[in-house]
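The values are calculated or read from the model by the stated rules, or taken from the named source; none is laboratory data. Bear in mind that the values here come from a model prediction, so they are computed numbers and not experimental data. Note: ideal-geometry Cβ built from the backbone for every residue, glycine included; neighbour counts use all protein chains shown.
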Amino acid sequence: MKLREKVAIAQREPYEASDSLRAEINKILKEIEETGCILRDVGVGIVDFPAIRLGRVVNLCWRMGEKRIRYWHGVDEGYFYRKPVKPDEFYDEEQILRYVIMSREPLIEIEETEETMHIIVETRGVPDEEVKVQHNVDSVKISWDWNGWSFSRSFRIDRDTIVSVVRNNGIVEITISKSRRPPLSREGRA
């Protein structure tokens, strides 16, 4: 029996699915995610793969039945926002090594709307507990001093903001919500 059929049984009859079936499904799903893939929908068979497109982290997207990976979407978008892959826009393995592994500059992505600003920082292996996020009256600062590597960046914000911080496996996501905000300005550098 294929994984998809097992998952369908477990979804249709959750109380009847055996503990061993649930454990087997969870083990397989964990193995898939440990490869770096993000399993979005088991039933439909949608899998995302992190990639770098034009210097930004995005997800390559594959759906069961597709012969190869032909689409991508932003990390904050989903399946319905897929765009065709143009190979010359994506980094090859050598470029990824040079850009991601050897660079001491963290990847910082800023997405801004009228209501929110999302700052996503990939901390390049710095333990979450070493990354400091400070929210002052008019700025948010992210910094660390770890293993001889110091980094600091500040973002000016309006006084009437709500700031939330989520840390997850080397990614720090700062969300700033408010009704009015002055233009974004950055201060500080590594």
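At a glance:
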quantity: Residue that is modelled with the lowest pLDDT [pool: residues in the stretch 84-114 that are in a strand (DSSP E or B) and surrounded by 14 or more Cβ atoms within 10 Å (Cβ to Cβ)]; calculated: Leu107
quantity: Tyr81 vs. criteria hydroxyl-bearing (Ser, Thr, Tyr), in contact with a Gly (Cβ under 8 Å, 6 or more places away or on another chain) and at pLDDT below 85; calculated: no
quantity: Test: residue in the stretch 29-37 that is modelled with pLDDT under 80, of a type outside the set (Asp, Glu) and touching an Asp or Glu at 6+ places or on another chain (Cβ under 9 Å); calculated: no
quantity: Whichever residue in the stretch 123-151 is assigned to a strand (DSSP E or B) and of a type in the set (Ser, Thr, Tyr) and, among such residues, is farthest from Ile176 (Cα to Cα); calculated: Ser150
quantity: Flag for Glu122 being within 21 Å of the chain's Cα centre (by Cα) and among the acidic types (Asp, Glu); calculated: yes
quantity: Tally, over the stretch 46-71, of residues that are touching a helix residue (DSSP H, G or I) at 6+ places or on another chain (Cβ under 7 Å) and either surrounded by 14 or more Cβ atoms within 10 Å (Cβ to Cβ) or in contact (Cβ under 8 Å) with a residue 40 or more places away in the chain (or both); calculated: 4
quantity: Complete set of residues in the stretch 136-166 that are within 22 Å of the chain's Cα centre (by Cα) and not small (Gly, Ala, Ser); calculated: Val140, Lys141, Ile142, Trp144, Phe151, Arg153, Phe155, Ile162, Val163, Val165, Val166
